[in-house]
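Remarks on the structure that follows.
The values are calculated or read from the model by the stated rules, or taken from the named source; none is laboratory data. As the structure is a computational prediction, the values presented were derived from the model and not from experiment. Cβ: placed from backbone, ideal geometry, glycine included. Neighbour counts: every protein chain shown.
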Amino acid sequence: MKIQIPIYQIDAFTSRVFSGNPAAVCPLKEWLDDSVMQSIATENNLSETAFFVKEESGYCIRWFTPVREVDLCGHATLASGFVFFKHINPDSNKVEFHSKSGLLSVTRDKEFLSLDFPAQPPKPCTAPKVLVEGLKKEPAEVLCSEDFLVVYPSEKDIVALRPDFSKLSELGLRGVIATAKGDKVDFVSRFFAPTYGINEDPVTGSAHCELTPFWADRLQKDELHALQLSKRGGELFCRMAGDRVIISGRAVEYMKGNITLET
């Protein structure tokens, strides 16, 4: 028997296609086998594919990179909210998703979507030798949370990074966030996660769970404007809210279609 699964490709943290971070979103009537969801994510070959299902407790969401499932993803959650508001419940301005990282919400205010995520403040740590070797440029500071957060003196240092991804893949944490104070915004960043099959992620919402508390403390302000300096680029507006981080941005639909599977 053939089944049809809707699929949408959404560019998140941008107002125009071909920029921001593309995510695939598959609303499901019921969960597929994990191996099938992983195969779909591998076939899509995007940094994340999100699946969500309505259950008794509400909507539940999961995210897969091309090689494995992850516990938290920002841009694919923003993309899922976009799909929910546009195609499932256009009258709603808020959706909540149960996840492995707890309850997450997406709210809509005109063209902006906002994520309510847990803050993950990084703490100073010793830089492993392979981290510095992989970055090819020693950072001014190194901190740790879900990822290594490396701080450089200037925005041009972030732009100039040409990492050795084979070296970075030896690290034990999820990935590496490189960041600096911005020239025209509060801070800039890039994100590398070769262990998860993503050498450089275009825009990483979840990394801003670490970046926001760091820069809020460093700059002594709770509302921050950020750019991720990947080739595609992305714009984020971040705000501290106690032990939570509000991460806002725009999104745009690139494609919609159906996946046909044999069962």
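Considering the conditions (1) modelled with pLDDT under 95; (2) surrounded by fewer than 19 Cβ atoms within 10 Å (Cβ to Cβ), F165 is excluded by exactly one of them, (1). The set of residues from segment 16-30 being out of contact with any His (no Cβ under 9 Å at 6 or more places or on another chain), surrounded by 14 or more Cβ atoms within 10 Å (Cβ to Cβ) and closer than 14 Å to F52 by Cβ comprises A24, V25, C26, L28.
Return the only residue of D186, D116 being closer than 30 Å to P27 by Cα and either of a type in the set (S, T, N, Q) or in contact with a strand residue (DSSP E or B) (Cβ under 7 Å, 6 or more places away or on another chain) (or both).
Details: D186 fails: closer than 30 Å to P27 by Cα.
Going through D186, D116 in turn, the sole match is D116.
Looking only at segment 41-50, which residues are surrounded by fewer than 24 Cβ atoms within 10 Å (Cβ to Cβ) and closer than 12 Å to E69 by Cα?
Applying the first criterion (surrounded by fewer than 24 Cβ atoms within 10 Å (Cβ to Cβ)) to segment 41-50 yields 42-46.
Listed by number, the list holds a single entry, T42.
Only residues that are more than 20 Å from R162 (Cβ to Cβ) and surrounded by fewer than 16 Cβ atoms within 10 Å (Cβ to Cβ) were counted in segment 216-243, giving 11. Inspect segment 200-215 for any residue being surrounded by fewer than 15 Cβ atoms within 10 Å (Cβ to Cβ) and either among the small types (G, A, S) or not assigned by TED's automatic domain parsing to the domain that holds G81 (or both) and give the result as yes or no. Among the residues of segment 200-215, not one is surrounded by fewer than 15 Cβ atoms within 10 Å (Cβ to Cβ) and either among the small types (G, A, S) or not assigned by TED's automatic domain parsing to the domain that holds G81 (or both), which makes the answer no.
Test K110 against the criterion of being at negative phi and more than 16 Å from the chain's Cα centre (by Cα), and give yes or no.
On the way: at negative phi: no; more than 16 Å from the chain's Cα centre (by Cα): yes.
No: the conditions fail for K110.
Each row is one residue, and each column tells you yes or no for (1) modelled with pLDDT of 95 or more; (2) in contact with a Ser or Thr (Cβ under 6 Å, 6 or more places away or on another chain); (3) among the small types (G, A, S).
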residue	(1), (2), (3)
E223	yes, no, no
I247	yes, no, no
A251	yes, no, yes
L261	no, no, no
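Within segment 46-57, residues that are in the same structural domain as F18 (by TED's automatic domain parsing) sit with their Cβ atoms under 7 Å from residues that are of a type in the set (D, E) and buried (at least 19 other Cβ atoms within 10 Å of the Cβ), at 6+ positions apart or across chains, in these pairs: S47/D201.
Being in contact with a Lys or Arg (Cβ under 6 Å, 6 or more places away or on another chain) and closer than 20 Å to K29 by Cβ narrows it down to one of F85, F97, so name that one.
Details: F97 fails: in contact with a Lys or Arg (Cβ under 6 Å, 6 or more places away or on another chain).
Unique residue meeting the criteria: F85.
Suppose we filter T107, T179 for residues that are outside the structural domain of C209 (by TED's automatic domain parsing) and surrounded by 16 or more Cβ atoms within 10 Å (Cβ to Cβ); which single one remains?
T107
Of everything in segment 63-78 that is buried (at least 17 other Cβ atoms within 10 Å of the Cβ) and of a type in the set (A, V, I, L, M), the residue that is farthest from the chain's Cα centre (by Cα) is V70. Scanning segment 118-144 for residues that are within 22 Å of A12 (Cβ to Cβ) and modelled with pLDDT of 95 or more gives A119, Q120.
Among strands (runs of 3 or more DSSP E) lying entirely in segment 73-175, which contain 2 or more residues that are under 22 Å from V185 (Cα atoms)? Spell out the reasoning first.
On the way: elements: 94-99, 102-109, 112-118, 141-144, 148-151.
Passing ranges, in order: 112-118, 141-144, 148-151.
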